[in-house]
Amino acid sequence: MLKMQCQLVMLSALFALTSWLSAAQAESLTVVGDENYPPYLFKDDDGNTVGYLVDLWDLWQQKTGVEVNLVPTAWVNAQARVLHGDADVIEMLYRTPKREALYTFSQPMPSRRWLFSIMKVLRALPAPAP
């Protein structure tokens, strides 16, 4: 069920981005994001960029035919690149009044749901020694 919800959210985000792109008629996009923001964007043990955003932008690239250059970087650098025109999109940027004056925001992509799992202890722990 959760997998289906994630796929639906990704597809709706893709459709929103596709309509924006057709208006802009871009041939490629440079997307920046925080290089250390798991599970969305981070480096694995082998130094590869991985995460939800990698999968999302790969799918978007396949569906639109528009080349996406996903650039993980330090968060302050990601913001500076967008402000200086060196990137088209910044990922995972929360809307604040100060940022609304600096950036043009799209509609939010996925909403976050946090799931917590609590395991029952199957056997009693031994009492501490007196």
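Residues in the range 82-102 that are in contact with a Ser or Thr (Cβ under 8 Å, 6 or more places away or on another chain) and either without any contact (Cβ under 8 Å) to a residue 12 or more places away in the chain or surrounded by fewer than 17 Cβ atoms within 10 Å (Cβ to Cβ) (or both): D86 only.
Return the only residue of L102, L70 being in contact with a helix residue (DSSP H, G or I) (Cβ under 7 Å, 6 or more places away or on another chain), in a strand (DSSP E or B) and either at pLDDT 90 or above or among the small types (G, A, S) (or both).
L70 is the lone residue from the list that is in contact with a helix residue (DSSP H, G or I) (Cβ under 7 Å, 6 or more places away or on another chain), in a strand (DSSP E or B) and either at pLDDT 90 or above or among the small types (G, A, S) (or both).
Could you list all residues from the range 56-67 that are farther than 20 Å from F105 by Cβ and touching a helix residue (DSSP H, G or I) at 6+ places or on another chain (Cβ under 8 Å)? Break it down stepwise before answering.
Initial filter on the range 56-67 (farther than 20 Å from F105 by Cβ): 58-59, 61-67.
Listed by number, the residues that qualify are L59, K63, T64, V66, E67.
Cβ-Cβ distances below 6 Å connect the following pairs, each with a first residue in the range 25-54 that is under 20 Å from A80 (Cβ atoms), a second residue that is in a loop (DSSP other than H, G, I, E, B) and of a type in the set (S, T, Y), and a separation of six or more residues or different chains: L53/Y40.
The values are calculated or read from the model by the stated rules, or taken from the named source; none is laboratory data. None of these values were measured; they are calculated from a predicted model. For neighbour counting, all protein chains shown are included, and Cβ atoms are generated from backbone atoms with ideal geometry for every residue, glycine included.
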